[in-house]
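To start, the structure under review is shown below, and the notes come after it.
The values are calculated or read from the model by the stated rules, or taken from the named source; none is laboratory data. Remember, it's a predicted structure, so these values are computed and weren't measured experimentally. Glycine gets a Cβ as well: all are built from the backbone with ideal geometry, and neighbour counts include every protein chain shown. For the accessible areas, the whole protein counts, side chains as well, though only heavy atoms, and no ligand, DNA or RNA atoms are used. Shrake-Rupley method; radii C 1.70, N 1.55, O 1.52, S 1.80 Å.
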Amino acid sequence: MNTCKSCQKENSPDSQFCIFCGTHIDSISTSQTKPDDTEDLQTLDPGNDTSSLKEQLASLNSKFVHLESRILLLERSLTNKLGLVSEKPSPKLQKSNLPSKTSSLPKYQTTFLRKLVSVNWFAVIGSIILAIGIGFFIKAAFDLWIGPTGRIIVGIVAGIALIGVSEYASKRFSSWAQGLCGGGLAILYIAIYASFAFYELISPTTVFIILFFVVLLGCSLALRYNSKVIAFISLIGAFITPPLIETELKDQLYLAIGYILLIDIGIVAVASRKKWQWYTLLGLIGSYVVGGLMASELPDSEAIFSQLGLSGIFIIFIVATAIHNIYKRSKPDNFDFILIIGNAGIFFGLTMSNLAESYEGWLGLSTILLSLLYAAIGLFALRTANVSKLLSFCFLGISLIFLTAFIPVQLTGEWITVTWAAQSAVVIGIGLKFKDWKIRLGGLIVLSLAIIRALSVDTFSQDIYEDFTPVLNHRFLAFLICIIATYIAAYLYSINKIIIEEWETHVGLLLFAAATFMTIWLITAEIIDYFNSAEIHDYIKNIAKRSYEESKQLTITLFWAIYALLLIFSGIKVRTQVVVSPKMMTAFGALLLAVPIAKLFIHDVFLLDTSYRVAAFVVLGPLLIVTGLAYRKIRESFT
């Protein structure tokens with residue numbers, strides 16, 4: 001036996017290193033002969049003397065120790081291997097983590113590819129080609145020996161036959177049968193279209209009645225087979241037929257609009273049953289495209305009837321959306337939001353186009369009614385339990401957009417700015433009350449529109465120059481309301497800093513700066529238009545044309561300086577924050593004061609006459625000195 005000098009544990013006789021601590025040891029064999037189990041058993045004879053038995057027992061003991069050592073060695077090596085396995089993932093796991101051919105793609109792409117491959121496109125394309133061939137067959141190939149009625153009958157029989165074959169094969173060849181069924185429906189659509197458009201065998205009313213039942217059959221088959229292919233082909237056939245027979249309908253286009261409304265009800269029913277929101281979206285697009293085409297063909301005197309049809313489409317889809325997301329409390333996805341926003345936007349655009357010529361006075365009423373409708377749905381959704389708040393605010397946001405659009409539709413001139421400004425302040429206040437940043441963002445967007453319109457449109461309104469009176473004019477009123485609304489919004493942000501989002505941290509400061517800029521812009525425009533007015537210009541022109549320009553420039557410079565000094569003194573005197581901090585208000589005034597000073601030294605000193613130049617420096621200099629004396633009190637707060 002080999003005993004380790006380090007750990008004092010027994011090792012195999014032929015071991016050179018300790019299997020427990022790894023120390024080098026001398027290998028001493030307890031037996032010079034090679035062990036042989038068979039020989040030992042043979043030599044184990046009870047008749048031998050005692051010495052022989054002792055030798056055999058010693059040999060067996062040596063073998064036992066040797067086997068024990070080897071077992072310990074194997075256990076230790078096995079333990080090490082298990083440790084490595086626990087640290088490293090198994091090859092099978094590693095293999096599963098490796099990117100496969102499809103796992104490198106995003107999940108939505110793999111889902112799309114899986115659905116794409118699951119469709120038997122050979123059967124679908126083959127059915128479409130067959131349907132086209134049947135169409136040519138009906139139109140041309142039978143011209144020689146089959147009359148119009150026979151051609152239509154052949155087409156209808158072929159379509160029904162394909163549907164029957166698909167029904168028979170649906171259990172064994174499901175995807176192939178669905179494509180065949182879609183082809184049969186397409187052939188039926190073509191046969192019905194040809195019976196009216198080519199041969200005039202049936203009346204328009206009969207056409208739409210038959211088409212409705214074909215669409216109903218297609219929807220039923222789509223539900224039966226749970227087939228999106230059949231549903232899609234039914235939808236395409238339902239909407240493509242009315243435009244094809246549009247010229248033949250002439251004065252009966254209202255039939256097409258009624259047909260579309262019936263189709264929309266069926267589409268909504270199928271989509272609601274199978275939860276196919278994509279099907280509702282396709283129905284929405286098809287309805288407005290076909291309905292818009294039909295409405296454009298009607299004369300302006302009948303625009304009210306086409307508007308009723310468009311309104312019917314709108315109501316069907318908005319009710320379907322409300323039932324799906326509010327009544328059934330389904331979690332809205334991208335399709336739902338596209339449906340809600342798309343339905344509102346498309347209907348509003350078609351309404352504006354349809355009523356613009358003959359019913360322009362109704363545009364404002366229709367816009368405000370849409371705003372009230374979406375506001376009512378949004379508030380109802382907001383108060384209903386387990387309904388997504390995002391969905392509620394989507395409806396309320398659309399209501400706000402329609403309310404904003406109502407203003408330029410119904411009002412003109414500066415009243416647009418006035419109404420937008422007042423609306424924005426109210427919306428921002430509501431957003432702060434309900435602690436919702438999306439409402440506040442809508443209010444800020446409307447306020448931005450009001451400010452941009454005031455600066456770019458109202459400032460240069462031609463009505464100002466006809467009979468200008470300083471302060472008592474529409475522009476001054478529009479700017480005044482816009483400035484007050486901006487200051488109110490800034491104040492609301494200053495007293496609600498705790499509930500605002502991170503991106504809104506400096507919104508109050510920006511609103512204060514915008515209100516200050518608009519105030520300076522307004523008074524400067526009033527000064528310029530006052531000096532440009534006919535009476536003042538003629539009066540001063542009799543004295544000196546140069547004096548007229550000098551007076552205008554000096555007045556502008558002094559106004560800028562006085563307003564800047566007012567800001568500085570307000571920051572010095574006010575101890576508590578009102579809209580912005582006193583320190584910030586003083587900084588605003590100082591920055592603004594730099595503008596008239598720079599204008600005085602760069603522009604006015606060369607333009608003004610000696611008397612005006614002296615007046616400018618004599619007035620501005622003492623004002624700055626007094627300001628410096630007052631600033632001394634708060635100088636420490638800026639250091």
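Looking only at residues in the stretch 578-598 that are open to solvent by 30 Å² or more (accessible area, probe 1.4 Å) and not aliphatic (A, V, I, L, M), which one is nearest to Leu554 (Cα to Cα)?
It comes out as Phe588.
Of everything in the stretch 424-459 that's of a type in the set (Ser, Thr, Tyr) and open to solvent by less than 20 Å² (accessible area, probe 1.4 Å), which residue is nearest to Leu477 (Cα to Cα)?
Residue satisfying both the conditions and the ranking: Thr459.
Any chance the stretch 171-185 includes a residue that's assigned to a helix (DSSP H, G or I) and farther than 19 Å from Leu223 by Cα?
no
Any idea which of Ala421, Ala375, Ala344, Ala381 is closer than 30 Å to Arg475 by Cβ and in a helix (DSSP H, G or I)? Lay out the reasoning, then the answer.
Details: Ala375 fails: closer than 30 Å to Arg475 by Cβ; Ala344 fails: closer than 30 Å to Arg475 by Cβ; Ala381 fails: closer than 30 Å to Arg475 by Cβ.
Just one listed residue meets the conditions, Ala421.
Of the conditions (1) more than 19 Å from Gln423 (Cβ to Cβ); (2) without any contact (Cβ under 8 Å) to a residue 40 or more places away in the chain, Ala515 clears all except one; give me its number.
The failed condition is (1).
Give all pairs with beta carbons closer than 9 Å in which a residue from the stretch 495-512 that is more than 15 Å from Leu441 (Cβ to Cβ) and open to solvent by 30 Å² or more (accessible area, probe 1.4 Å) meets a residue that is of a type in the set (A, V, I, L, M, F, W, C) and at pLDDT 90 or above; count only pairs at least 6 apart in sequence or on separate chains.
Sorted first by the residue in the stretch 495-512, then by its partner, the pairs are Leu509/Ala490.
Look through the stretch 195-226, keep the residues that are buried (at least 21 other Cβ atoms within 10 Å of the Cβ) and of a type in the set (Gly, Ala, Ser), and return whichever of them is nearest to Val270 (Cα to Cα).
Looking at residues that are buried (at least 21 other Cβ atoms within 10 Å of the Cβ) and of a type in the set (Gly, Ala, Ser), I get Ala222.
Across the stretch 351-393, what is the total count of residues that are under 23 Å from the mean Cα position of the chain (by Cα) and open to solvent by 20 Å² or more (accessible area, probe 1.4 Å)?
Matching residues across the stretch 351-393 total 12.
Being within 23 Å of the chain's Cα centre (by Cα) and either at pLDDT below 85 or over 17 Å from Ala490 (Cβ atoms) (or both) is the requirement here; does Leu411 meet it?
Judged against the criteria, Leu411 is not a match.
Results for (1) on the phi > 0 side of the Ramachandran plot; (2) among the hydroxyl-bearing types (Ser, Thr, Tyr); (3) open to solvent by 50 Å² or more (accessible area, probe 1.4 Å); (4) modelled with pLDDT of 70 or more, shown as yes or no for each residue.
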site: Thr576; (1), (2), (3), (4): no, yes, yes, yes
site: Leu607; (1), (2), (3), (4): no, no, no, yes
site: Phe617; (1), (2), (3), (4): no, no, yes, yes
site: Lys633; (1), (2), (3), (4): no, no, yes, no
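Of everything in the stretch 318-338, what is open to solvent by less than 80 Å² (accessible area, probe 1.4 Å) and under 12 Å from the mean Cα position of the chain (by Cα)? Give them in sequence order.
Asp333, Asp336, Phe337
Would a scan of the stretch 498-517 turn up a residue that is in contact with a Gly (Cβ under 6 Å, 6 or more places away or on another chain) and assigned to a helix (DSSP H, G or I)? Please lay out each step first, then the result.
Applying the first criterion (in contact with a Gly (Cβ under 6 Å, 6 or more places away or on another chain)) to the stretch 498-517 yields none.
The answer is no; no qualifying residue exists.
Can you tell me which residue in the stretch 362-419 is nearest to Asp458 (Cα to Cα), limited to those that are among the hydrophobic types (A, V, I, L, M, F, W, C) and touching an Asp or Glu at 6+ places or on another chain (Cβ under 8 Å)?
By that ranking, first place goes to Phe393.
State all residues of the stretch 364-378 that are at pLDDT below 90 and of a type in the set (A, V, I, L, M, F, W, C); if no residue qualifies, say none.
Once the filter is applied, which keeps residues that are at pLDDT below 90 and of a type in the set (A, V, I, L, M, F, W, C), the stretch 364-378 yields only Leu365.
Only one residue in Ala425, Ala375, Ala381 is more than 27 Å from Thr486 (Cα to Cα) and in contact (Cβ under 8 Å) with a residue 24 or more places away in the chain, so which one is that?
Of Ala425, Ala375, Ala381, the one residue that is more than 27 Å from Thr486 (Cα to Cα) and in contact (Cβ under 8 Å) with a residue 24 or more places away in the chain is Ala381.
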